[in-house]
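Encoded as structure tokens, the structure appears first; notes follow it.
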Amino acid sequence: MISGLKAAFFVPTFRVETNHAMKFTPIMLLSFLLVNSNNLTAQSSEADQVKAVINGLFTAMKNADSVAVEKAFATGAIMETIAKTKQQSDTIRSNTTAQFAGSIKRQPAGALDERIEFGSILVDGNLAHVWTPYKFYYNGNFSHCGVNSFELVKLNGEWKIRYLIDTRRKDNCN
């Protein structure tokens, strides 16, 4: 039970299995919060770096910059799309980053406009997972929507896309 406040500070007490009471002093509590806020800042900074790589990819696509597109990916990266065949059965189509960059290069600047939203960004050490719902426009006209799922790795201090899979549809694109 809480018996009262001393000098306007609440000093929480909890019991450890040994039945010895352990008290957090305001200084201990402040130290705990500072250490954890540093971890959150580091995670936030990493998430910002990851976002920058993904935003850079879509800027490169819009600018038809195939060199910058390839630079966003790690060597041997995997690109896949979940799609429908002509017979409407589900399939997975694969692309290399070179094939993808080549298709970007053949487009005029401004033709490809993929508008993304960052749904979630999870970072653990040198691994990040990013979920981005999107709407895709070709030459200013709506084409399709879906979700991108990115896996990024931090190699030699630089984030790179290692795996990208997306969905594509023309309906339910609100």
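The values are calculated or read from the model by the stated rules, or taken from the named source; none is laboratory data. No experiment lies behind these values; they were computed from the predicted model shown. Here Cβ is always computed from backbone atoms with ideal geometry, including for glycine, and neighbour counts include all displayed protein chains.
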- Here are some residues: Ala74, Ala42. Which one is assigned to a strand (DSSP E or B) and either modelled with pLDDT of 95 or more or surrounded by fewer than 16 Cβ atoms within 10 Å (Cβ to Cβ) (or both)? Ala74
- Task: Considering every residue within region 105-121, establish whether at least one is touching a Leu at 6+ places or on another chain (Cβ under 8 Å) and buried (at least 16 other Cβ atoms within 10 Å of the Cβ).
- Result: no
- Considering residues that are of a type in the set (Ser, Thr, Tyr), within 18 Å of His144 (Cα to Cα) and part of a strand (DSSP E or B), the number found within region 77-108 is 2
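This table checks each residue for (1) of a type outside the set (Lys, Arg); (2) touching a residue at least 12 places away in the same chain (Cβ under 8 Å); (3) farther than 18 Å from Thr59 by Cβ.
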position	(1), (2), (3)
Trp131	yes, yes, yes
Phe136	yes, yes, no
Val153	yes, yes, yes
Glu158	yes, no, no
- Residues being polar (S, T, N, Q), part of a helix (DSSP H, G or I) and at pLDDT 95 or above - total across region 45-65: 3
